[in-house]
Amino acid sequence: MCGIIGIIGKAPVTPLLVDALKRLEYRGYDSAGVATLINGHIDRRRAEGKLVNLEARLKSEPLAGTIGIGHTRWATHGKPSERNAHPIATDRVAIVHNGIIENFQELKDELVAEGRRFESDTDTEAVAQLLTSYLERQMSPEAAMGKAMGRLRGAFALVAMFSGRHDILMGARRGSSLAVGHGDGEMYVGTDALALAPFTSRVTYLEDDDWVVLSSSGCAVYQGTTKVERPEKRSGLSGAMIGKGNHQHFMLKEMHEQPAVIGDTLQSYLDPATRAVRTPSLPFDWNTVSRITMTGCGTAFYACMVAKYWFEKLARLPVEIEVASEFRYREPPLPEGGVCIAVSQSGETIDTLEALRYAKSQKQILLAVTNVPESAIARFSHAVLPTLAGPEICVASTKAFTTQLIVLLNAAIAAGRARGTLSREDEERLALAMIELPARINETLNMEDDYRRIAENTLAQARDVLYLGRGASFPVALEGALKLKELSYIHAEGYAGGEMKHGPIALIDDAVPVVVVAPSDSIFGKIASNFEHKIASNFEQVRARGGKLVLLSDARGVAKLGAKAETSIAVPDIDPVVAPILYTVAVQLLAYYTALAKGTDIDQPRNLAKSVTVE
Ligand code: G6P
């Protein structure tokens, strides 16, 4: 959602604040701002739009000061404008905030009744005004923050700077993440270790309901009025991990990192010598699991969809999947002995966290598949299966998704082995297919010019695009459509191949390309004999209406059906169970090059944010 940073430095902090905001911009980018203390007074610069606008502003109106806070925003309360940009300030305090203060209206009514005047439409201002009201009653900043924490409802992380106090910054969190960085005579506080990475690797992660006082020499953490200890940890992140390298976009870099990060993830989950999955130690026995419930949002939900096929086929386990925002409010009954798997790159998506909270109330065992082991979702769960994708900066998820799939496939194999539903032979076959996957992905990435041609000549010319897939290729079709629409703003829909005739066929004419995701085989070869028949019938239905077919298949599929398509690409051969991972890379390439042809902002598509910490 929003990104926040605070620094108590020895030298002017504005350049460091802006530098950190660049690393946080993936979280939101509709306005940005920084504030520092100049001779004890709060001074700030804010600008609507992306960070470059704030940088331009700072060039014409520089901001001195050795203590400061910064923010990059994804608007929730109050439209994106300079007036609503953070830091939100009174003459006493400046605040940067991520999340939502749910009772802001109640607080605002009280504070307005006290005679306070609000200047923005944000929920954040209720916090600034509340603290100001306490400070005016002669409370210390510490006492004011401690008391305010008792009044605030919702999920939030915030950092506050006080006029006249060059010596302290304060932070607080509930639900949203916040980390403290320890420097040499300097201290930092920010949304995550990523923001702090170039400054320091010594990080203290705050827990829910913590509030913290930073001084230049350290920090003190409190819960209520009690001082608590939080360990200092070493973050493995380095500044180099969060640059674009030689790539034009983070997305391109992250797509190209997939062979390496899949390899890294496999190292943890697979023993290449024995071709056996390493069964992670889990607080339950797969044999006693009555049902798996899987949940997530956006692309992470599509990982659940693919995994459903795997758990059902390989482990013969019943699996329910639902997007977290629906699941948490539907309040379905969940059986005793059930496992709830939450999939989340960031580990902080609020709907997913709340869905887990509901599952916990139903006595489910909670398993998190996440890229951020320190995240709220990881810490809330009974066990964590980490994806080792490294920091993902592009808003659209690529390498996090494919590593989620790797982790889930290994878990499904482990479950199949434990339950005796998967033979040793099949386990070895699948292990080998996964070991070969990085090489197959490399081959796919090396064919990027072929994808680029289809993107430029066919997809970028269209107003609507349809993606079709059957079986585990259906979620890949959904992911392909999602990627295309979020990156290029071309309307796209993913459909199960068999459903095309029940509606979407009405859209098809010579202006609507239809991308068919169709490895020539399906799970355990069941569709092998049906392939031609099933896919061919989709083909004929599209062709009869003048639609342009784009076939993504392997050499066998292209040989059979390629002649009927307007254009086709032979994706490298791969075991059909693993194919969804490889075909995902193919649809990523199509979306990336279509967006490139359209000239959109690939890493930061309009209106989107990477981590959605509000409902
Ligand atoms: C946002 C992002 C998506 C992501 C989804 C879930 O919508 O733009 O790329 O898939 O959130 O995020 P999570 O961090 O929970 O995987």
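Tally Lys/Arg at +1 and Asp/Glu at -1 over every other residue whose Cβ is under 14 Å from the Cβ of residue 415; what's the total? Please list the in-between numbers first.
On the way: positive: 278, 291, 308, 313, 316, 417, 419; negative: 285, 312, 426, 427.
It works out to a net charge of +3.
When only DSSP loop residues count, what chymotrypsin sites (Phe, Trp or Tyr not before Pro) in segment 200-260 have their Cβ near at most 11 other Cβ atoms within 10 Å? Please list the in-between numbers first.
Values: sites: 205, 211, 222, 250; in loops: none.
Filter output for segment 200-260: empty list.
In debye, nearest 20, what is the charge dipole magnitude of the chain about its Cα centre with +1 on Lys and Arg Cβ and -1 on Asp and Glu Cβ, if you could check? Let's see the in-between values first.
Numbers: 67 positive and 73 negative charges, 26 e Å.
Here the chain has a charge dipole of around 120 debye.
For residue 276 and residue 79 in the same chain, what is the full-extension length gain: residue separation times 0.36 nm, less their Cα-Cα distance, in nm?
65.6 nm
Straight-line reach from residue 244: which aspartates and glutamates have a Cα under 13 Å away, not including same-chain ones fewer than 8 places off?
254, 257, 392, 603
Tally up the carbon and sulfur contribution to the accessible surface of the chain as a whole percent, 1.4 Å probe, everything protein left in place.
Numbers: 10720 of 22290 Å².
That share works out to 48 percent.
Please give the length that would be gained between residue 291 and residue 336 if that part of the chain were fully extended, namely 0.36 nm times their separation in residues minus their C-alpha to C-alpha distance (nm, one decimal). All intermediate terms of the calculation are to be shown ahead of the outcome.
Working: separation 45, 0.36 × 45 = 16.20 nm, distance 0.86 nm.
Here the segment from residue 291 to residue 336 would lengthen by 15.3 nm.
Calculate the spin-label point distance for residue 53 paired with residue 511, positioning each point 7 Å from the Cα along the beta-carbon direction, and give it in nanometres.
3.3
Note the angle between two axes, namely the Cα long axis of helix 258-269 and the longest principal axis of the Cα atoms of the chain, as a number of degrees from 0 to 90, rounded to the nearest 10.
Helix 258-269 sits roughly 90 degrees off the main axis of the chain.
So which lysines pass the test for residue 308, namely a Cα distance under 28 Å, with those fewer than 8 places away in the same chain ruled out?
360, 363, 399, 483, 485, 501, 526, 534, 610
Taking the solvent-accessible surface of protein heavy atoms with a 1.4 Å probe, what is the per residue accessible area of the chain in Å²? Each step should come with its number before you reach the end.
Details: 22290 Å² over 615 residues.
Heavy-atom accessible area per residue stands at 36 Å².
Ranking request for peptides 43-52, 283-292, 161-170: highest mean number of other beta-carbon atoms within 10 Å first, then the rest in descending order.
Details: 43-52: 18.5, 283-292: 15.2, 161-170: 20.4.
Packing proxy ranking, top to bottom: 161-170, 43-52, 283-292.
From the backbone phi of segment 478-486, what are the Karplus-calculated ³J(HN,Hα) couplings (6.51 cos²θ - 1.76 cosθ + 1.60, θ = phi - 60°) in whole Hz, Gly and Pro given as x?
Values per residue, Gly and Pro as x: 4, 5, x, 5, 4, 4, 5, 5, 6 Hz.
When Lys and Arg each count +1 and Asp and Glu each count -1, what net charge do the other residues less than 12 Å away from residue 104, Cβ to Cβ, add up to? The partial results should precede the final answer.
Numbers: positive: 108, 151, 153; negative: 102, 106, 109, 110, 121, 123, 125.
Local charge sum for residue 104: -4.
I want the local charge near residue 173. Using Cβ-Cβ distances under 10 Å, sum +1 for each Lys or Arg and -1 for each Asp or Glu among the other residues. Show your work: numbers first, answer last.
Working: positive: 174; negative: 207, 208, 209, 210.
Every neighbour counted, the sum reads -3.
Using the Karplus equation 6.51 cos²θ - 1.76 cosθ + 1.60 (θ = phi - 60°), what ³J(HN,Hα) coupling, rounded to whole Hz, does each residue of segment 219-232 give in order, writing x for Gly and Pro?
8, 10, 10, 10, 10, x, 9, 9, 6, 10, 9, 10, x, 8
Check which residues have an amide H placed less than 5 Å from residue 233's amide H, if you skip close sequence neighbours.
Amide H neighbours of residue 233, under 5 Å, 5+ apart: 203, 204, 205.
Considering only DSSP beta bridges whose two residues both sit in the chain, what percent are antiparallel, to the nearest 5? Don't jump to the answer; show the numbers that get you there.
Values: 64 of 103 bridges.
In the chain, approximately 60 percent of DSSP beta bridges are antiparallel ones.
Determine the shape class of segment 245-445: with a ≥ b ≥ c the square roots of the Cα gyration tensor eigenvalues, call it rounded for a/c under 1.5, and otherwise prolate if a/b is greater than b/c, oblate otherwise. Mind showing how you got there, number by number?
On the way: a/c = 2.04, a/b = 1.16, b/c = 1.76.
Here segment 245-445 falls in the oblate category.
Assuming a strict under-23 Å limit between Cα atoms, what lysine pair count do you get for segment 37-167 once near-sequence pairs (fewer than 8 apart, same chain) are dropped?
Values: 50/59; 50/79; 79/108; 108/147.
Count of close lysine pairs: 4.
Work out the length of the dipole vector of segment 245-445 about its Cα centre, built from +1 on the beta-carbon of each Lys and Arg and -1 on the beta-carbon of each Asp and Glu, and round it to the nearest 20 debye.
On the way: 19 positive and 22 negative charges, 77 e Å.
So the magnitude is around 380 debye.
For segment 547-564, what does the Karplus curve 6.51 cos²θ - 1.76 cosθ + 1.60, with θ = phi - 60°, yield as ³J(HN,Hα) per residue in whole Hz, taken in order and with x for Gly and Pro?
Coupling constants for segment 547-564: x, 9, 8, 10, 9, 10, 8, 8, 4, 5, x, 5, 4, 6, 10, x, 5, 7 Hz.
Taking the mean number of other Cβ atoms within 10 Å as a proxy for protection, how do you rank 338-351, 300-313, 378-391 from highest to lowest? Write down the numbers at each step before the final one.
Details: 338-351: 27.4, 300-313: 24.3, 378-391: 20.8.
Top to bottom by mean Cβ count within 10 Å: 338-351, 300-313, 378-391.
Can you tell me the convex hull volume per residue for segment 3-242, based on C-alpha atoms, in Å³ to the nearest whole number? Don't skip to the end; give the middle numbers.
Numbers: hull volume 25.9 nm³, N = 240.
Hull volume normalised by residue count: 108 Å³.
Computed over the Cα atoms, what is the radius of gyration of the chain divided by 2.2 N^0.38 Å, N being its residue count?
Against the compact-globule rule of thumb, the ratio is 1.01.
The values are calculated or read from the model by the stated rules, or taken from the named source; none is laboratory data. What you see is a predicted model; the values in this text were computed from it and never measured. Using ideal geometry, Cβ is built from the backbone for each residue, glycine included, and neighbour counts are taken over all protein chains shown. With ligands, DNA and RNA removed, areas are computed over all heavy atoms of the protein, side chains included. Shrake-Rupley method; radii C 1.70, N 1.55, O 1.52, S 1.80 Å.
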